[in-house]
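Asks: Have a look at this one.
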Amino acid sequence: MKKRLLFFGIIAFFSIGNAIAQPVFQNNDLTISTLPSEDRVWVVETSDKTTMYIIEGNEKAMLIDTGTKCDKLDEVIGQITKKPLYVVLTHAHGDHAGNIRYFKDIYLHPGDTVLLNKSYKGNLHFVQEGQIFDLGGRIIEVSHMPGHTPGSIVLLDKKAGVCYSGDAFGSGQVWLQVFPVMPVKIYISSLKKMEKLMDEGIQRIYCGHYPYVKTYFKKDYIVAMRELAEELENGIAAEAKPYPTKLSIGTQNPMIVTKGQASIVFDPDKLK
């Protein structure tokens, strides 16, 4: 079916808490809406429930992640902002880096190069802890949060009190120990680091699969995830169950454990 780009003259609204998400653009692949409670930020929700975010400053803009199969993504983003664009990957899994071919420059952590599509012909720029992107009146800072992948990062707008987390802390459920596998203690360190950032002023975490939650996470979610990860490391977590999917995460025996609002998918043979 031929794809057509449609702007909404009459648009539907849906509630998120006390805020309203306003769709501004749609095609067969995705819907773009203003992000409730945030200034000049849009959430891009794909038809297969992956997520991108567009952040605009006074001089430049940032696209966080590139989704899966989104035709002519560069042109679509150009409908929202005409400003020079940084394209930054929270990590290099295909559902977050699937459309990098549309951009000549991408930014990612070097820890994830092993996961990146080798057919990409553009320019790779490696980010590091504390790196700053100045969008003009808006500063976005990189923080390295390994666990889900070696090079997982989050992007912080400290002035606004916001974190864009990709899959670093999941979307209610985090997949740990996907290839290449890391011990759960590394993930625990990242959770403690995120807790500290929230104590210092980050209030809202926008995850990498927003369509599943339609809102942001608060500190209690990070605390619950850290407590569950610690219980898992110490062998005292609630009874784990086989993960109910045929999708591979690099193990033939994926398990899931849940406590409160937090769930972790893991490889029982590679926790330590």
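The values are calculated or read from the model by the stated rules, or taken from the named source; none is laboratory data. If you're wondering where the values come from, they're calculated on a predicted model, not measured in any experiment. Here the Cβ positions follow ideal geometry from the backbone for every residue, glycine too, while neighbour counts run over all protein chains shown. Just so you know, the surface numbers come from the protein's heavy atoms only, side chains and all, with ligands and any DNA or RNA stripped out. Shrake-Rupley method; radii C 1.70, N 1.55, O 1.52, S 1.80 Å.
Asks: Count, please, the residues in region 188-245 that happen to be touching a helix residue (DSSP H, G or I) at 6+ places or on another chain (Cβ under 7 Å) and farther than 26 Å from residue 130 by Cβ.
Replies: 4
Asks: Right, here's the next one. So the check is Cβ under 9 Å with 6+ separation or different chains; which pairs have a first residue in region 215-226 that's closer than 15 Å to residue 237 by Cβ and a second one that's open to solvent by 40 Å² or more (accessible area, probe 1.4 Å)?
Replies: 224/259; 224/260; 224/261; 225/259; 225/261; 226/192
Asks: Please verify whether residue 80 is over 15 Å from the mean Cα position of the chain (by Cα), of a type in the set (A, V, I, L, M) and at pLDDT 95 or above, treating the condition exactly as stated. Give the derivation first.
Replies: Values: over 15 Å from the mean Cα position of the chain (by Cα): yes; of a type in the set (A, V, I, L, M): yes; at pLDDT 95 or above: yes.
Taking the combined requirement at face value, the residue satisfies it.
Asks: Condition (residue is among the hydroxyl-bearing types (Ser, Thr, Tyr) and either at pLDDT below 90 or exposed (fewer than 15 other Cβ atoms within 10 Å of the Cβ) (or both)) applied to region 164-179: is it met by at least one residue? Don't jump to the end; show me each part of the working.
Replies: Step one: list which residues in region 164-179 are among the hydroxyl-bearing types (Ser, Thr, Tyr), which gives 164-165, 171.
Add one more test, that the residue is either at pLDDT below 90 or exposed (fewer than 15 other Cβ atoms within 10 Å of the Cβ) (or both), and what stays is none.
Scanning region 164-179, I find no residue that is among the hydroxyl-bearing types (Ser, Thr, Tyr) and either at pLDDT below 90 or exposed (fewer than 15 other Cβ atoms within 10 Å of the Cβ) (or both), so the answer is no.
Asks: Could you give every pair whose Cβ atoms fall below 7 Å, whose first residue belongs to region 157-173 and is more than 12 Å from residue 221 (Cβ to Cβ) and outside any loop (DSSP other than H, G, I, E, B), and whose second residue is among the charged types (D, E, K, R) and at pLDDT below 95, counting only separations of at least 6 or pairs across chains?
Replies: none
Asks: When region 201-228 is examined, which residues are found to be surrounded by 20 or more Cβ atoms within 10 Å (Cβ to Cβ) and assigned to a loop (DSSP other than H, G, I, E, B)?
Replies: Passing the criteria: 202, 208, 209, 216.
Asks: Checking the condition acidic (Asp, Glu), part of a helix (DSSP H, G or I) and either within 21 Å of residue 90 (Cα to Cα) or open to solvent by 20 Å² or more (accessible area, probe 1.4 Å) (or both), which residue from 239, 231 passes? If you could, list the steps in order and put the result at the bottom.
Replies: On the way: 239 fails: part of a helix (DSSP H, G or I).
The unique qualifying residue is 231.
Asks: What number of residues in region 149-163 are open to solvent by 10 Å² or more (accessible area, probe 1.4 Å) and not charged (D, E, K, R)?
Replies: Number of matching residues: 2.
Asks: Where in region 57-143 are there strands (runs of 3 or more DSSP E), lying fully within it, with 2 or more residues that are of a type outside the set (Phe, Trp, Tyr) and surrounded by 20 or more Cβ atoms within 10 Å (Cβ to Cβ)?
Replies: Values: elements: 61-64, 85-88, 105-108, 123-126, 132-134.
Those strands (runs of 3 or more DSSP E) span 61-64, 85-88, 105-108.
Asks: Hey, among 186, 256, which residue is assigned to a strand (DSSP E or B), in contact (Cβ under 8 Å) with a residue 24 or more places away in the chain and surrounded by fewer than 23 Cβ atoms within 10 Å (Cβ to Cβ)? Even if it seems obvious, please write down each step before you answer.
Replies: Values: 186 fails: assigned to a strand (DSSP E or B).
Exactly one of 186, 256 is assigned to a strand (DSSP E or B), in contact (Cβ under 8 Å) with a residue 24 or more places away in the chain and surrounded by fewer than 23 Cβ atoms within 10 Å (Cβ to Cβ), namely 256.
Asks: Would you mind telling me which numbered condition in (1) touching a Cys at 6+ places or on another chain (Cβ under 9 Å); (2) more than 18 Å from residue 153 (Cα to Cα) residue 256 fails?
Replies: Single failed check for residue 256: (1).
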